[in-house]
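Notes follow once the structure below has been shown.
The values are calculated or read from the model by the stated rules, or taken from the named source; none is laboratory data. Please read these numbers as outputs of a predicted model, since none were measured by experiment. With ideal geometry, Cβ positions are generated from the backbone for all residues, glycine too; neighbour counts draw on all protein chains shown.
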Amino acid sequence: MERKYIFNFLILVMILFLFTGCTGIESETENASIEDKTISEIEYLEDEIFTIVNKYTKNEYMSAEFSGDEEDTETYTIDWSKVSEDCQQIAKVLDTVMLDFGEAKVPNEELVAFRTEINNLIVASSNEDEHTMLKSASNLYGLLPEYYGRFSENKNEKEVMSLKSLVLQSYTSAFFSEWEDAKSAAALAETKYKEMSDNLEYMKEHSYNLNKVYILVEEYKNAVDLEQVDLAKVKYINFIEKF
């Protein structure tokens, strides 16, 4: 009889262990799932933001218009419907991103700031407001490195995003000849990269292109220091596309 009680007790212990173990695994899987989703969404937003800014910089939103007179003069203007269409790609995922960020415990005040920047971007593109549109794109991207760092253990990627954010911030100021702000952000970008190159973990992962990235940063900063808008555009594109 005593053996029967011992046997039943052992069975009960095993059942409790199994249930406890399963609960822990499900919890870890759920946490990993929401982290993976938010990282994917951050990467999607990163791509969309740079798509908009880079296409705008390279005049890919320009369309030809004809005067209709005898000489039929051709002029080029920004096709804001195309700009708005690309900005709407971000708006389409807004609700999903907000839900996932909320589930990932992003504070409400940060969620409000995030939604505000996306709304500013959408409204600016609809109003054909070049200044607000580019500034909102830069501000929106500036929020992403911190979010990425919360959901990913890849700290090097967060640093890369932070560097890109400083260059983008500088560039959107240089685009409108706001040179003091552009120079300040460019100097911070230079400092940031020097800090990254002193990081052994970063060096181990990115040593193959260390000199290339340094040159890209310095060339962009020099263009800003010279207060040359067209040159800054070229060096910005080189940095973003080659880094």
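Structure values in brief
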| read-out | value |
| --- | --- |
| Residues located in the stretch 155-195, provided they are of a type in the set (A, V, I, L, M) and over 18 Å from TYR141 (Cβ atoms) | ALA187 |
| Filter pass, PHE50 being at pLDDT below 75 and either of a type in the set (Phe, Trp, Tyr) or under 17 Å from the mean Cα position of the chain (by Cα) (or both) | no |
| Those residues of the stretch 143-178 which are of a type in the set (Phe, Trp, Tyr) and either under 15 Å from ILE240 (Cα atoms) or surrounded by 18 or more Cβ atoms within 10 Å (Cβ to Cβ) (or both), in sequence order | TYR147, TYR148, PHE151, TYR171, PHE175 |
| Some residue of the stretch 64-83 being polar (S, T, N, Q) and in contact with a helix residue (DSSP H, G or I) (Cβ under 8 Å, 6 or more places away or on another chain) | no |
| Meets criteria (buried (at least 21 other Cβ atoms within 10 Å of the Cβ) and in contact with a Phe, Trp or Tyr (Cβ under 9 Å, 6 or more places away or on another chain)) for SER136 | no |
| Condition check for TYR193: among the hydroxyl-bearing types (Ser, Thr, Tyr), crowded, with 21+ Cβ neighbours inside 10 Å and under 25 Å from VAL106 (Cβ atoms) | no |
| Residue in the stretch 113-125 that is crowded, with 22+ Cβ neighbours inside 10 Å, assigned to a helix (DSSP H, G or I) and of a type in the set (Phe, Trp, Tyr) present | no |
| Filter pass, VAL106 being surrounded by 12 or more Cβ atoms within 10 Å (Cβ to Cβ) and assigned to a loop (DSSP other than H, G, I, E, B) | yes |
